[in-house]
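Here the structure comes first, spelled out in structure tokens, and everything after it is commentary.
The values are calculated or read from the model by the stated rules, or taken from the named source; none is laboratory data. All figures in this text were calculated on a predicted structure; none of them were measured in a lab. Heads up, the Cβs are rebuilt from the backbone with ideal geometry, glycines too, and the neighbour counts pull from every protein chain shown. Accessible surface areas use protein heavy atoms only, side chains included; no ligands, DNA or RNA. Shrake-Rupley method; radii C 1.70, N 1.55, O 1.52, S 1.80 Å.
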Amino acid sequence: MKTWSVISALSSSVLLLAGCASTQTASLQPDQPLPQTRVQVNSDYVAEVERKARMRGVEVNWVNQPRRIVAVTPDTE
């Protein structure tokens, strides 16, 4: 019984160490730089929802307005 405990403990530790050793930190670094982005309110969607709400006689109170991620280009800065 003691032998079984020792073997299972050793095999578990070997598997855990092998799993940690196989992770590659180099894969976290992108080959190309990430594009510059910013978050802005999705005004098209907000306008559409508010237009439909007015047609139905409903008042919309946005808690968190819908947002979208847009790429920053030199002409949008």
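For region 25-42, give me each residue that is over 17 Å from A71 (Cβ atoms) and either modelled with pLDDT of 75 or more or among the hydroxyl-bearing types (S, T, Y) (or both). Break it down into steps so the answer makes sense when it comes.
Step one: of region 25-42, the residues over 17 Å from A71 (Cβ atoms) are 25-29, 31.
If the condition is that a residue be over 17 Å from A71 (Cβ atoms) and either modelled with pLDDT of 75 or more or among the hydroxyl-bearing types (S, T, Y) (or both), then T25, S27 are the ones that fit.
Which numbered condition in (1) surrounded by 12 or more Cβ atoms within 10 Å (Cβ to Cβ); (2) assigned to a strand (DSSP E or B) is the only one that I69 fails?
Evaluating I69 over (1) surrounded by 12 or more Cβ atoms within 10 Å (Cβ to Cβ); (2) assigned to a strand (DSSP E or B) leaves (1) as the failure.
What single numbered condition from (1) among the polar types (S, T, N, Q); (2) open to solvent by 70 Å² or more (accessible area, probe 1.4 Å); (3) modelled with pLDDT of 85 or more fails to hold for S22?
(3)
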